[in-house]
Amino acid sequence: MIKWIAAFIGYFLFRFPGAVLGFIVGTFLDNFGGSGKKSGSVFQDFTKQTVSPADFELNLLSLCSVIIKADGQVNQRELDYVRQYFLSTYGKERANAIFRTFNDVIKKREISTQRICNFMVQRTRYEVRLQMLHFLFGIAQSDGQVSKAEVQKLREIAGYFRINQHDFESIMAMFIKSVDNSYKILEIERTATDEEVKKAYRKMAKKYHPDRVVTENEAIRNGAEEKFKEVQKAYETIQKERGLS
């Protein structure tokens, strides 16, 4: 389509030679635009710039390893959690290939959390980084508790991901229970008015609604649904506590 528009403009300005030149330039632009569409990437809809599925997988797996080793010991349940994610998302054959490539890569270079996060910030939308943080919290919690060392590392990753403090606290509250847990999930204080509670719920429900995470990746989609359910559960808890209708 662009090539014909360019040809018309070229003809209008420089007659026939301009039309030919415009057609050539328009064809190039058409082809360039088409080449940016990569098929097969389950994260395609999240990208702001081109990031290959292989790069995404390896960087995500690298962050998984950072969390697994955060408290100074490798827990089998955390390893199983990560392996199950990749198996359910990519299938056995592809998951095993990812693990093999990852093992080859980490032998040649040290994992830099900041470098990985900077790479993802430049190439993914904020929503997917929230999903990744939620997934990393899931790894930390898979052995029954999230240690202080893991929280510290997750907070560091959130900082590199440019995730704001309220969003971090909200996600953390989904995994680490406290007295004000429901309020933290809705990103409000216990002193909030009833109207502020309702407004916060509407805001968070919209923010974490699964429809905002359009992807074929089952694990990422399930993560969005889990957060949405946690938001609903938090609001219902406050409703019962305050007698709200």
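The values are calculated or read from the model by the stated rules, or taken from the named source; none is laboratory data. Nothing here was measured: the structure is a model prediction, and the numbers come from that model. Ideal geometry is used to build each Cβ from the backbone, glycine not excepted, and the neighbour counts take in all protein chains shown. We work out accessible area using only protein heavy atoms, side chains counted, and drop any ligands, DNA or RNA first. Shrake-Rupley method; radii C 1.70, N 1.55, O 1.52, S 1.80 Å.
Laid out as a table, the results:
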read-out	value
Inter-residue pairs, beta-carbon under 6 Å, first more than 22 Å from residue 234 (Cα to Cα) and in a helix (DSSP H, G or I) and in region 146-172, second modelled with pLDDT of 95 or more and open to solvent by 50 Å² or more (accessible area, probe 1.4 Å), 6+ apart	160/114
Residues that are part of a loop (DSSP other than H, G, I, E, B) and either at pLDDT 90 or above or within 18 Å of residue 129 (Cβ to Cβ) (or both), drawn from region 192-245	192, 193, 208, 209, 213, 214, 215, 217
Elements of type helices (runs of 4 or more DSSP H) in region 90-143, at least 2 residues being open to solvent by less than 40 Å² (accessible area, probe 1.4 Å) and in contact with an Asp or Glu (Cβ under 6 Å, 6 or more places away or on another chain)	126-141
In region 70-89, the residues that are over 21 Å from the mean Cα position of the chain (by Cα) and outside any helix (DSSP H, G or I)	71, 72, 73, 74, 75
Extreme residue, surrounded by the fewest Cβ atoms within 10 Å (Cβ to Cβ), among residues of region 175-199 that are under 22 Å from residue 142 (Cα atoms) and of a type in the set (Ser, Thr, Tyr)	178
Per-region count, region 63-89, residues in contact (Cβ under 8 Å) with a residue 40 or more places away in the chain, of a type outside the set (Gly, Ala, Ser), surrounded by 14 or more Cβ atoms within 10 Å (Cβ to Cβ) and under 25 Å from residue 155 (Cβ atoms)	11
Any chance residue 168 is modelled with pLDDT of 90 or more and open to solvent by less than 10 Å² (accessible area, probe 1.4 Å)	yes
